[in-house]
Amino acid sequence: MNRVGYGAMRLTGNGMLGNSDGTSIDREHAVRLLHRAFEQGVNHLDTAAFYFSPIRSANELINRALATWPGRDEIVVTTKVWPGRDAAGEWYWGRPDQLRGQVEENLRQLGRDHLDVVNLRRNFADSIAEHFGVLADLREAGLIRHLGISNVKPKHVAEAQAIAPVVCVQNSYSLDWRRADESGMVDLCRDQGIAFVPYFAVAGLRREAAVTEEQDARVLTVARAHGVTPAQVRLAWTLHRGPHVLAIPGTTSLAHLDENIAAGALHLSVEDLALLGQA
């Protein structure tokens, strides 16, 4: 598995902020973008049925790109459920009995008979057992191959593992947002052989907001020393936490895509990490 994947959130506009006011990427450009990612070794994508705009969805774009890619069977597509959006774009949190419908909607949009990985994206519920149990049943039924969890605490990993194997944890994590270190989640995943897949690794505290000029002097210093971009430094810092850590940066720019993938080979020195504040 290439440690740098691709996050599809921005393909349809403003991502989680409500895609209806965003601008969707041109369909043919999206296919070129995804094919370029595949050409450079990207073999895992992060998406969701609720990534859509009034004119298209991220899943539809991924479906089209994979349909014309010779090595499509080697690409792992990870999606997520629990949050959802209705046809009008209104958000809701799915009840356990609605999860099968969310899974089937992902299957329909992606044109598949099974989903490679499904992350259960937690809201603020104390327990995820009932929802995760539904996904475990769908896994047993063959609709899902592997299960992950997202936006969770260490106790939720134990809760889920008691029901079915967890292959990945997807939490917010970045140079500026290190709660996954404070809670021990990054190390817990390492110790249990679970992939840790942070989101907002580049955006940090800006989350879904548009990329702005880098303000962190530490990041700028390291970027200048290596002749790379601040975003590449942020991605490399995230990946340094261990081989079990993956990255899913998203972009609609071919140039930024190339930079994101290249960040996987950027080695930060002991001095760089000390300056950035090594976890």
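Each value in this text was obtained by applying a stated rule to the coordinates, not by laboratory testing. In this text, all values refer to a predicted model and were calculated from it rather than measured experimentally. Cβ sites come from the backbone with ideal geometry, for glycine too, and all protein chains shown count toward neighbours.
In which sequence would V228, V245 go, from the one with the fewest C-beta neighbours within 10 Å to the one with the most?
On the way: V228 17, V245 20.
Ascending number of Cβ neighbours within 10 Å: V228, V245.
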#### Entry: Under the Karplus curve 6.51 cos²θ - 1.76 cosθ + 1.60, θ = phi - 60°, whole-Hz ³J(HN,Hα) for region 130-138, x wherever Gly or Pro sits
5, 5, 5, x, 4, 5, 4, 5, 5
### Gap separating the Cα centres of region 171-193 and region 250-279, nearest whole Å
18
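Given 0.36 nm per residue, what is the gain on full extension from E214 to D113 after removing their alpha carbon distance, in nm?
Details: separation 101, 0.36 × 101 = 36.36 nm, distance 4.28 nm.
Result for the pair: 32.1 nm of gain on full extension.
What shape does region 78-151 have by the C-alpha gyration tensor, where a ≥ b ≥ c are the square roots of the eigenvalues, rounded means a/c under 1.5, and otherwise prolate means a/b greater than b/c and oblate the rest?
Details: a/c = 1.76, a/b = 1.09, b/c = 1.62.
Oblate, since a/c reaches 1.5 and b/c is not below a/b.
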#### Entry: Long-range amide H partners of H44 with built H, under 5 Å
Y6, V76
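Helix-derived [θ] at 222 nm for the chain: sum -39500 (n - 2.57) over DSSP H runs of at least 4, divide by residue count, nearest 500?
Rounded to the nearest 500, it is -10500 deg cm²/dmol.
State the antiparallel share, in %, of DSSP beta bridges confined to the chain, rounding to the nearest 5.
Just about 20 percent of them are antiparallel.
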### Query
What is the set of long-range amide H partners of S172 at a cut-off below 5 Å, with H atoms built 1.01 Å from backbone N?
N151, Y199
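Efficiency by 1/(1 + (r/R0)^6): what FRET value for A225 and A141, r their Cβ-Cβ distance, R0 = 51 Å, to the nearest 0.05? Let's see the in-between values first.
On the way: r = 52 Å, r/R0 = 1.03.
Plugging the Cβ-Cβ distance into 1/(1 + (r/R0)^6) gives 0.45.
If you take the C-alpha gyration tensor of region 159-279, multiply each eigenvalue by 5 and take the square root, what semi-axes do you get, largest first, in whole Å?
Details: eigenvalues 128, 51, 35 Å².
Largest first, region 159-279 gives 25, 16, 13 Å.
If you take every residue apart from W69 with its C-beta less than 13 Å away from the C-beta of W69, what net charge results, scoring Lys and Arg +1 and Asp and Glu -1?
Numbers: positive: R32, R36, R64, R72; negative: E39, D73, E74.
Net local charge, W69 excluded: +1.
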### Message
At 0.36 nm per residue, and after removing the present C-alpha to C-alpha distance, how many nm does the segment from Q161 to D126 gain when stretched out fully?
### Response
11.0 nm
### Task
In debye, nearest 20, what is the charge dipole magnitude of the chain about its Cα centre with +1 on Lys and Arg Cβ and -1 on Asp and Glu Cβ, if you could check?
40
### In nm, spacing of pseudo-spin labels at L254 and T68 (7 Å Cα→C-beta vector)
1.4
### Query
Which whole-Hz ³J(HN,Hα) couplings does region 225-235 yield from phi under the Karplus relation 6.51 cos²θ - 1.76 cosθ + 1.60, θ = phi - 60°, glycine and proline marked x?
5, 9, x, 10, 8, x, 4, 5, 5, 5, 5
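Mean separation of Cα pairs under 8 Å and 6+ residues apart, divided by the residue count of region 17-167: what relative contact order is that in percent? All intermediate terms of the calculation are to be shown ahead of the outcome.
Numbers: 219 pairs, mean separation 28.2, N = 151.
Once normalised by length, the contact order is 19 percent.
Given a cut-off of under 8 Å on Cα pairs at least six residues apart, what relative contact order in percent is computed for the chain?
Working: 503 pairs, mean separation 50.3, N = 279.
About 18 percent, as a whole number.
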